[in-house]
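The structure appears below as structure tokens.
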Amino acid sequence: MEDYACLCATEGVRYMGKNCDELYDACSFAPCADCTSRPGTTQYHCVCPHGLTGDNCTEEVDECQSNPCSGPRSMCVDQQNGYFCRCPAGFGGRGCSTHVTDCVDGPCKNNGTCVLRPEGFHCHCAPGFQGRTCEEDVNECLSEPCQNGAICIDGVAEFHCFCVPGFQGHNCEIDINECVSRPCENNATCINEKDHYE
């Protein structure tokens, strides 16, 4: 079986194909996936995906060249398709230009203990306080700990109950037995009531 091959001209307008009857498409031989060419010439242009550059999209873009980390003493770390900023203590945000409150600023109130975290800080509150910066006094009376009609007075990490007559104890939970002193004479029976006896 006989076959033939055509050697296409390389001068002027270029052609390709078995019979040299198709305009030359340089993208057929380009080392990139997304390509545009000028038919009949060897000129082609690779359309690079995000993060790559160069004639054949083989070079990685260094996003740190534009100095995106603008905060003081910040450091840019280049990554494929992006970058991130290493920020010094007290700064954060995309370019380390935002002042971030941390333990250096003493944000924890009411003797709260500050713990440094990657995203800022966290306060461990002293007993009796709560909130992001321990700014809120816990109202221990909200749980209604005082019994038998007593009045609750909130304190710092404590509460006090003011008992109505006839009751005692930390939470006014004890009914005072007025008959203990044996106030009745002549063999009378004593009956203990809420705040008195009969």
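With Glu2, Glu60, Glu11 as the choices, which residue is closer than 30 Å to Phe91 by Cβ, without any contact (Cβ under 8 Å) to a residue 24 or more places away in the chain and not aliphatic (A, V, I, L, M)?
Numbers: Glu2 fails: closer than 30 Å to Phe91 by Cβ; Glu11 fails: closer than 30 Å to Phe91 by Cβ.
None of the other options fit; the residue is Glu60.
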Residues within the range 88-102 that are touching a Ser or Thr at 6+ places or on another chain (Cβ under 7 Å) and in a strand (DSSP E or B), tallied: 2
Output for the range 110-140, where each listed residue is under 30 Å from Arg94 (Cβ atoms) and surrounded by 13 or more Cβ atoms within 10 Å (Cβ to Cβ): Gly112, Cys114, Gly120, Phe121, His122, Cys123, Gly131, Arg132, Thr133, Cys134, Glu135
Enumerated strands (runs of 3 or more DSSP E) restricted to the range 1-87, each holding at least 1 residues that are touching a strand residue (DSSP E or B) at 6+ places or on another chain (Cβ under 7 Å), surrounded by 12 or more Cβ atoms within 10 Å (Cβ to Cβ) and at pLDDT 85 or above: 35-37, 44-46, 75-79
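Can you name every residue in the range 117-157 that is within 30 Å of Ser74 (Cβ to Cβ) and free of Cβ contacts under 8 Å to residues at least 24 places away in the same chain? Step through it out loud before you land on a result.
First, pick out the residues of the range 117-157 that are within 30 Å of Ser74 (Cβ to Cβ): 117-124, 132-133.
The answer is Arg117, Pro118, Phe121, His122, Cys123, His124, Arg132.
Just checking, how many residues over the range 169-193 are closer than 25 Å to Ile153 by Cα and surrounded by fewer than 14 Cβ atoms within 10 Å (Cβ to Cβ)?
Quick first cut of the range 169-193, residues closer than 25 Å to Ile153 by Cα only: 169-176.
Checking which are surrounded by fewer than 14 Cβ atoms within 10 Å (Cβ to Cβ) leaves us with 170.
Residues in the range 169-193 being closer than 25 Å to Ile153 by Cα and surrounded by fewer than 14 Cβ atoms within 10 Å (Cβ to Cβ): 1 in total.
The values are calculated or read from the model by the stated rules, or taken from the named source; none is laboratory data. Remember, predicted model here, so these are calculated numbers, not experimental data. In this analysis, Cβ positions are derived from the backbone assuming ideal geometry, glycine residues included, and neighbour counts consider all displayed protein chains.
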